[in-house]
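Heads up: the structure comes next, in structure tokens.
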Amino acid sequence: MANQIQSIRGMHDVLPDDSAAWQWLEDRLRAILQSYGYREIRMPIVEKTELFKRSIGEVTDIVEKEMYTFTDRNGDSLTLRPEGTASCVRAGIQHGLLHNQQQRLWYQGPMFRHERPQKGRYRQFHQIGVETFGIATPEIDAELIALSARLWKVLGVTDVTLELNTLGSPQARQAYREKLVSYFSDHQQDLDDDSRRRLDSNPLRILDSKNPEMLKLIEQAPALADYLDTESAEHFEKLKSLLDHLEINYQLNPRLVRGLDYYTKTVFEWVTKSLGAQGTICAGGRYDGLVQQLGGRETPAAGFALGVERLLELLKSSQEKTLSHQLDAYLLTMGEGTQEAGLKLAEHMRDKLPALRILVNAGGGGFKAQMKRADKSGARFALILGEDELQAGQVSLKNLRDATIEQQKINYEEALNLLSA
């Protein structure tokens, strides 16, 4: 027998028992985003490689080591998108959505990075991204953070902390970069291999090192706050004031730099201790220069993205309730003419109650076998349509989850009323 073909490492199937939790989460996220007036945009999974090199930065880990890049039959270099912001900006420029306009957009879908798989972090992972364009003032930063805070409230997530920082303007960051290079160059013997590689190309990323042996050296490094330009400092102070008025707690983290080169001014992360070392579940900030960098006109922009798999992991660890699909009813049919009548009855019930989740027995089987299927389906009720019930225009209703409730014969409309309740 030939070897079975398995899924690619880090790329997982979402099985029926798990997909209900995804739907539950996506429905709530969609409802919140719509309540804030954000509109959905859908972009392709494959983009030109140049898009990500120009936006993310050629010397980032993502571009250097993690992207799935290939040459197509026309000789073009294409990449499976590793993140959504660059694609969203490209679409906005291409379709004239950004210049002299305000846009609040969101999207969802798979992203791809060839990194070491670990709990809640995969090579194909799913993100929900939120992007705003055309608003330069800090109230949109506050709105994005308030929106993300509302997600946790609606989902019942409590073990999360907001970390906040500002990266200032590109000019201020350049001055800080030179100071940082000088500092770390004087301590090269204490740097790990990754940090030595980043020293000339992307020294701010050294601040984001997770190597515990580097922490003391990083803590003593020059602080970006000392090099902030006046506008960025005022923007940050106003943002903190808005968050205080909204009663959203935050922790200042001067070492928070994010892994993408396009960020300016505000950056933030929601982190948790419930998922191990990789605790970030939602992150974002401002990227005021990205639209111009990708060929559009200068446009202020800000947004965030959250990882669906990591959020589902957090929900499992923080909530006792099961995020599972539950059928309302399983319809059993026994006897002459009941199969046809059962199918028609189920359609009638779906017409009357569009949200009703009812499964009709198929494949035959005696009463015992059908009851076993009904119980295994997870349905709350069994609807039994035998020859006697069919003759009387009734069904027998049995509560499958509470044995103390007696089975009863009722007419179709009464059954609908009970199921709707």
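Key figures for this structure:
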| quantity | calculated |
| --- | --- |
| In range of the label at residue 406: residues from segment 372-388 whose backbone nitrogen is under 19 Å from the point 7 Å along Cα→Cβ | 382-384 |
| Per DSSP, loop trypsin sites (Lys or Arg not before Pro) in segment 98-130 with at most 16 further Cβ within 10 Å | 119 |
| Proximal lysines to residue 265, defined as alpha-carbon separation beneath 24 angstrom and excluding residues fewer than eight positions away on the same chain | 53, 179, 210, 238, 240 |
| At most 13 other Cβ within 10 Å, DSSP loop - GluC sites (Glu not before Pro), segment 179-271 | 247 |
| Net charge of Cβ neighbours under 11 Å - reference residue 338; Lys, Arg +1; Asp, Glu -1 | -4 |
| Alpha-carbon centroids, segment 4-43 and segment 355-421: separation in whole Å | 32 |
| Computed FRET value (nearest 0.05) for residue 343 with residue 6, which takes r as the C-beta separation and R₀ as 41 Å | 0.60 |
| Segment 106-146 versus segment 195-209: alpha-carbon centroid distance in Å | 23 |
| Neighbour net charge for residue 190 - beta-carbon separation under 11 angstrom, K R +1, D E -1 | -1 |
| Neighbourhood charge, 9 Å Cβ-Cβ cut-off, centred on residue 365 and excluding it, Lys, Arg +1 and Asp, Glu -1 | +3 |
| Burial ranking of peptide ranges 369-375, 309-315, 13-19 (average Cβ count within 10 Å, highest at the top) | 309-315, 369-375, 13-19 |
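Any read-out appearing in this document is the output of simple, stated calculations on the displayed coordinates, not a laboratory observation. What you see is a predicted model, and the numbers here were worked out from it, not measured in a lab. Don't worry about glycine lacking a Cβ; one is built from the backbone with ideal geometry, like all the others, and counts go over all protein chains shown.
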